[in-house]
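To start, the structure itself, in structure tokens.
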Amino acid sequence: MNMMEIYFATGNSNKVKEAEIILKDLKGIKIKAINLPYPEIQGTLEEVSEFGVKYLYSKIKKPVFVEDSGFFIEVLKGFPGTYSRYVQETIGNEGILKLMEGFKGEERRAYFKSVVGYCDEDGIKLFKGIVRGNVSHEIRDKGHGFAYDSIFIPEGENRTFAEMTREEKSRISHRRKALEKFKEYIEKKLP
Ligand SMILES: O=c1[nH]c(=O)c2ncn([C@@H]3O[C@H](COP(=O)(O)OP(=O)(O)OP(=O)(O)O)[C@@H](O)[C@H]3O)c2[nH]1
Ligand SMILES: [Mg+2]
């Protein structure tokens, strides 16, 4: 059976590694990661994904998806959110923990959100995933995760994402939930 090729446009190798784990048993489809840049407008994750994948499809005219994601802390009114990458590169996890000093229990609730934007000849589809949890009181890392993983404890767990293996994280992550919906959709489309 000839494989249908779908591009995953991202510059983030951690997202690629996790997408490969999550989509490993996708039948009849080959996912090809490409670092094709696209303008990231200021807006919600949905708007960035929709605009980005529309732009890329108009360039390459091949089935392609992007994933825009972020880390949202409730007591900080959703900060860092759509600025997650910039905030990680500036104040980092130490800076986030400083902002969280004095907050305890439920006040430390946070979530990761992922929005996958897919486009082919039939148009654009968005697939969303959220994983809820708490901001840890300290940075806890066993070298597995990236960015905010070392300060995020998912609900029902006492380890941070960065203390889990990539496989364990990818069983419950926002990326898993969004890409599962994408997988279900795309497998139905196959002839
Ligand atoms: O600890 C984390 N565990 C995760 O699972 C995760 N997923 C997203 N993020 C953060 O949110 C930004 C996304 O920004 P983003 O979607 O624009 O991605 P990016 O700019 O890194 O790559 P690209 O896909 O845009 O090329 C990233 O840089 C990270 O800071 C995560 N942090
Ligand atoms: Mg980005």
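No lab work stands behind these numbers, since they all come straight from the coordinates. Here the structure is a predicted model, which means the values were calculated and not measured. Reconstructed Cβ throughout: ideal geometry from the backbone, glycine too, with neighbour counts over all protein chains shown.
Please list the non-local residues whose amide H lies under 5 Å from the amide H of MET4, H modeled 1.01 Å from N, same-chain partners needing a gap of 5 or more.
Amide H to amide H, under 5 Å and 5 or more residues apart or across chains, MET4 pairs with ILE29, LYS30.
Run through all the Cα pairs of the chain and give the fraction in each 5 Å bin from 0, expressed as whole percent.
1, 8, 16, 20, 19, 14, 10, 6, 3, 1, 0, 0
Amide H of GLY81 versus every other amide H placed in the peptide plane: which residues, excluding those fewer than 5 positions away on the same chain, fall under 5 Å?
Hits under the 5 Å cutoff: PHE71, PHE72, ILE73.
Quick one: work out the % antiparallel among DSSP beta bridges in the chain, nearest 5.
75 percent
I need the calculated FRET efficiency for the pair GLU106 and TYR83, taking r as the beta carbon distance and R₀ as 25 Å, to the nearest 0.05.
Efficiency for this residue pair is about 0.55.
Considering only Cα-Cα distances, which of the following residue pairs are longer than 25 Å: LYS59/LYS189; LYS98/LYS181; LYS142/LYS181; LYS104/LYS181; LYS128/LYS169?
The pairs that break the limit, which is 25 Å between Cα atoms, are LYS98/LYS181; LYS142/LYS181; LYS104/LYS181.
In nm, to one decimal, how far is the THR165 label point from the LYS189 one, both placed 7 Å along Cα→Cβ?
3.2 nm
Please give me, ordered by residue number, the GluC sites (Glu not before Pro) of region 150-191 that lie in loop per DSSP and have at most 11 other Cβ atoms within 10 Å.
Filter output for region 150-191: GLU155.
Evaluate the relative contact order of the chain (contact order divided by residue number), counting alpha-carbon pairs under 8 angstrom at least 6 apart; express in whole percent. List each step's numbers first, then the result.
Values: 361 pairs, mean separation 39.0, N = 191.
The normalised contact order for the chain reaches 20 percent.
Whole-Hz ³J(HN,Hα) for each residue in region 80-96, computed from phi via Karplus 6.51 cos²θ - 1.76 cosθ + 1.60 with θ = phi - 60°, x for glycine and proline: what do you get?
Each residue of region 80-96 in turn: x, x, 6, 9, 3, 5, 5, 5, 5, 6, 10, 7, x, 5, 4, x, 5 Hz.
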